Amino acid sequence: MRDDAPAKIPNPVPPRGRGRPKAWDDKTDQNTIKSLDRAMAVFEHLSGTSGATLSELAADTDQSPATIYRILTTLEARGLVEFDATVQLWHIGPRAFVIGARYLRRTSVVDRARPILRRLMEATGETANLGIARETHVLFVSQVESHASIRAFFPPGTLSPMHASGIGKALLAQMTDDRLSRYIATAPLDRFTGRTLTDPGDLRADLQETRARGYALDDEEKTEGMRCIAAAVFDWTGEAVAGLSVSGPAGRISALKMPLLAEAVARAAAELTAALGAEARG
């Protein structure tokens, strides 16, 4: 080699992420703490009950009472579970709420929805939308557009009257009777097409049907030739905080395709609901 030849620089090794061990991507049993996994299984099972005895937990999780007792006393020391000696039942403890509340503080519905919206668009071929209620309107806050040349377009920041919107009607359908009555009494039920529901009785009937079937339908009620299927998203308190939808030309969102599209929308809304820390709804 010539003395003046440039030295070869080896390919740099990409730096390991801070806090990530060498075997970060290895999810095999050798990198699983089995005792912790068993403890979390017991903790998760207990969280779905209104209280359970030691023997019930042992039977339900297929573990010995001695193992269950060690797990429970360990979790109890951390405040994650507590024991009611009067009725001999174990319950979720207050520390579990504190930890859950910390998770909720860092959870953004828009951030959580983005990958779900993309999967919904890919599964249906139609534009997927996320909207929230703003007084008498729906505010669209995120969207993943369809690849089709003819498509719906609601850029973030767009407002649409709730009574003429799929997401709006999905949210209205979850309101209490008193709150819905106040909405109908104050909101202008403007007509946009011949299909717009401007009569309070017709709107109430449509919302009742929406609750029964689990999704809302905007059947060319805001824009001629466009349809939208939507479902509500709930937070951990059980409140409807947003809505997911797919929207597109009526020719593509046909009566024949509607059940499959509605199923996809309802599934995506349930996935986002779970991502916000809420229980799955029947």
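We did not get these values from a lab; they are worked out from the coordinates using the rules stated. Given the structure is predicted, the values throughout are model-derived calculations rather than measurements. No Cβ is skipped: glycine too gets one built from the backbone with ideal geometry, and neighbour counts run over all protein chains shown.
Rg(Cα) of the range 32-104 divided by 2.2 N^0.38 Å? Provide the component values of the computation, followed by the final result.
Details: Rg = 11.8 Å, N = 73, 2.2 N^0.38 = 11.2 Å.
Relative to the rule-of-thumb radius for its length, the range 32-104 sits at 1.05.
Using only helices, what value at 222 nm comes out for the chain when you add -39,500 (n - 2.57) per DSSP H run of length 4 or more and divide by the total residues, to the nearest 500 deg cm²/dmol?
Computed mean residue ellipticity for the chain: -12500 deg cm²/dmol.
So, in the chain, how many Lys pairs have Cα atoms under 21 Å apart, if the pair is 8 or more places apart or on different chains?
Values: LYS22/LYS34; LYS169/LYS222; LYS169/LYS257; LYS222/LYS257.
Summing the qualifying lysine pairs gives 4.
Could you go through the range 182-191 in sequence order and give the Karplus-derived ³J(HN,Hα) for each residue, using 6.51 cos²θ - 1.76 cosθ + 1.60 with θ = phi - 60°, rounded to whole Hz, and x for Gly and Pro?
Running phi through 6.51 cos²θ - 1.76 cosθ + 1.60 with θ = phi - 60° gives 5, 4, 5, 6, 10, 7, x, 8, 5, 9 Hz.
How tilted is helix 200-213 with respect to the longest principal axis of the chain? Cα atoms for both, answer in degrees (0 to 90, nearest 10).
The helix 200-213 is inclined about 30 degrees to the chain.
With θ taken as phi - 60° and the coefficients 6.51, -1.76 and 1.60, list the Karplus ³J(HN,Hα) couplings across the range 65-79 in order, rounded to whole Hz; mark glycine and proline as x.
x, 5, 5, 4, 5, 5, 4, 5, 5, 5, 5, 5, 5, 8, x
Just to confirm the number: angle between the C-alpha axis of helix 109-124 and the first principal axis of the chain, 0 to 90 degrees, nearest 10?
Approximately 70 degrees, to the nearest 10.
Select one label from [x] 19.8; [y] 25.4; [z] 14.0: the one whose number is mean projected area of the Cα convex hull in nm² as derived from the coordinates shown.
The value matching this structure is [y].
Using the crude model of +1 on Lys and Arg Cβ and -1 on Asp and Glu Cβ, and no other charge, please compute the dipole size for the chain relative to its Cα centre, in debye to 20.
On the way: 35 positive and 35 negative charges, 197 e Å.
With Lys and Arg at +1 and Asp and Glu at -1, about 940 debye.
Order by neighbour count: ILE229, ILE184, ILE33, ILE253, fewest other Cβ atoms within 10 Å first, most last.
Ranking ILE229, ILE184, ILE33, ILE253 by Cβ neighbours within 10 Å, fewest first, gives ILE33, ILE184, ILE253, ILE229.
GluC sites (Glu not before Pro) within the range 200-257: which are DSSP loop residues with at most 13 other Cβ atoms inside 10 Å? Don't skip to the answer; put the middle values down first.
Details: sites: GLU209, GLU220, GLU221, GLU224, GLU239; in loops: GLU220, GLU221, GLU224, GLU239.
Those satisfying the criteria are GLU224, GLU239.
Against the longest alpha carbon principal axis of the chain, how many degrees, from 0 to 90 and to the nearest 10, is the axis of helix 258-275 turned?
Long axis of 258-275 versus the principal axis of the chain: about 40 degrees.
Using a Debye calculation, one point per C-alpha and no hydration shell, please list log10 I(q)/I(0) for the range 107-275 at q = 0.11 Å⁻¹ in order.
One equal scatterer on each Cα of the range 107-275 leads to -0.38.
Listed highest first by mean packing, meaning other Cβ atoms within 10 Å per residue, what order do 153-160, 136-143, 40-47 come in?
Listed from highest to lowest mean packing, they are 136-143, 40-47, 153-160.
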